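The values are calculated or read from the model by the stated rules, or taken from the named source; none is laboratory data. Here the structure is a predicted model, which is why all the values come from computation and not from measurement. Note that each Cβ is placed from the backbone with ideal geometry, even for glycine, and that neighbours are counted across all protein chains shown. Ligands, DNA and RNA are excluded from the accessible area calculation, which covers all protein heavy atoms including side chains. Shrake-Rupley method; radii C 1.70, N 1.55, O 1.52, S 1.80 Å.
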Amino acid sequence: MSGAAPRRTREELAAWLRLIATPGLGRASARKLLSAFGSPEAVLGCTVADRRAVAGAALAEQLATPPEGFDDLLRRTEAWLADGDEPHAIVTLGDPGYPPLLLQTADPPLLLHLAGRAELATAPSIAIVGSRNPTPQGREHALAFGRELSNAGWTIVSGLALGVDGAAHEGALAGAGSTVAVVGTGLDQIYPRRHAGLQHRIAQQGLVVSEYLLGAPPLRENFPVRNRLIAGLSRGTLVVEAALQSGSLITARLAAEAGREVFALPGSLHSPQARGCHALIRQGAVLVETAQDIFSELAFVAPTPAEPPPPAAAAEDPVVQALGFDPVGLDELVLRTGLPAAELNARLLDLELSGRVARLPGQLFQRLGRA
């Protein structure tokens, strides 16, 4: 991780951590103080009266003494930076390794903790986000788009959540490129626990990023805030599946506000997970069916796919053809195929066991694989 962040003295690191750990001092006030005084050391070294003129009396007094538990935070941060399991670094506003795309956003974080390959924070990136409870097809889409975009040279940014996020990270790691996970906890925490192995793999092969101090727990309010980093690190955001009220739509809105492209996959008219994507498309998001749609919008020519297309015989199965890509009930499939229900049930079971069809709640079936 050489070159990602300058070597700091203990005093410099302590000043940055003090600025961020001070209760009640938000990012906007902190940036105002930095603009006025030039550095965290100068902010802490000036008089209370000088700070009061910039940030008000309460914050000026708060900054006069270290917050409770600060010495322990400083020791833990120094130990984390020295940990040899994977490269760890901290970059701050103004550092050469600070992501330039984040600097162009309305609310750049003061400091980023990085675990893994720091150069990925400045690599050409596309975010893939979506439902924590996707349909089987949604998960397949996230995996496939993550892999194809990774093979085309893009770094995939997502939030390490269950569902679409995890599948996008997995797809990216399976491709030729890599992935960045932006988390809503301190980097000494694991959340969700089911993604402990995935987070470790990303730290080894990609990059895990957090603006939160070590020890920060997975508070509900952290995750909408971290979504601005997912959008801000990326040239565009692809929403795979999302309900109308979801964090993925927050990320898409933040991407649009930052002047970045927003892409959305259409889905079934009857699927709640598709309604957010349809709303985005009505609002002007680019409708995406293949990765080439994204390449075209970003003026990027995709290389020849590294993987062969599925065998032609697979697409010729009449039951698979009749399924399409939306969830379908058994009665509808009987009408589409003309097969007796008993025979159709047996065929569907074979297809389910071979991984080509998923059985959904309510006796619905959905074709797996890319459209």
> Within the stretch 278-303, restricting attention to residues that are of a type in the set (A, V, I, L, M, F, W, C) and outside any loop (DSSP other than H, G, I, E, B), which residue is farthest from residue 137 (Cα to Cα)?
Replying inline: 295
> Failed condition for residue 76, given (1) surrounded by 13 or more Cβ atoms within 10 Å (Cβ to Cβ); (2) without any contact (Cβ under 8 Å) to a residue 60 or more places away in the chain; (3) under 33 Å from the mean Cα position of the chain (by Cα), with all others met?
Replying inline: (2)
> Which members of the stretch 112-130 meet the condition of being surrounded by fewer than 24 Cβ atoms within 10 Å (Cβ to Cβ), of a type in the set (Gly, Ala, Ser) and over 15 Å from residue 152 (Cβ atoms)?
Replying inline: 118
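Condition check ((1) open to solvent by 30 Å² or more (accessible area, probe 1.4 Å); (2) closer than 19 Å to residue 97 by Cα; (3) not aromatic (Phe, Trp, Tyr)) across all residues:
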{"residue": "10", "(1), (2), (3)": "yes, no, yes"}
{"residue": "14", "(1), (2), (3)": "no, no, yes"}
{"residue": "23", "(1), (2), (3)": "yes, no, yes"}
{"residue": "31", "(1), (2), (3)": "yes, yes, yes"}
{"residue": "42", "(1), (2), (3)": "yes, no, yes"}
{"residue": "46", "(1), (2), (3)": "no, no, yes"}
{"residue": "51", "(1), (2), (3)": "no, no, yes"}
{"residue": "64", "(1), (2), (3)": "yes, no, yes"}
>> Within the stretch 321-335, take every residue that is in a helix (DSSP H, G or I) and surrounded by fewer than 16 Cβ atoms within 10 Å (Cβ to Cβ) and give me the one that is modelled with the lowest pLDDT.
In response: 335
>> Based on this model, can you work out whether residue 313 counts as at pLDDT below 80, surrounded by fewer than 20 Cβ atoms within 10 Å (Cβ to Cβ) and either farther than 20 Å from residue 360 by Cβ or touching a Ser or Thr at 6+ places or on another chain (Cβ under 7 Å) (or both)?
In response: yes
> Which one of 221, 211 is free of Cβ contacts under 8 Å to residues at least 12 places away in the same chain and within 26 Å of residue 76 (Cβ to Cβ)?
Replying inline: 221
> Of everything in the stretch 340-351 that's assigned to a helix (DSSP H, G or I) and without any contact (Cβ under 8 Å) to a residue 12 or more places away in the chain, which residue is nearest to residue 135 (Cα to Cα)?
Replying inline: 349
> Give me the pairs: first residue in the stretch 46-72 and part of a helix (DSSP H, G or I), second residue among the polar types (S, T, N, Q), beta-carbon distance under 7 Å, and six or more apart or on different chains, which are they?
Replying inline: 55/29; 59/29; 62/22
> From the set of residues in the stretch 145-187 that are under 16 Å from residue 201 (Cβ atoms) and hydroxyl-bearing (Ser, Thr, Tyr), which is surrounded by the fewest Cβ atoms within 10 Å (Cβ to Cβ)?
Replying inline: 178
> Looking only at the stretch 234-258, which residues are open to solvent by 10 Å² or more (accessible area, probe 1.4 Å) and among the aliphatic types (A, V, I, L, M)?
Replying inline: 243, 244, 249, 250, 254, 256, 258
> Quick one: which strands (runs of 3 or more DSSP E) sit completely within the stretch 79-177 and have at least 3 residues that are within 18 Å of the chain's Cα centre (by Cα) and touching a residue at least 12 places away in the same chain (Cβ under 8 Å)?
Replying inline: 111-116, 125-129, 155-158
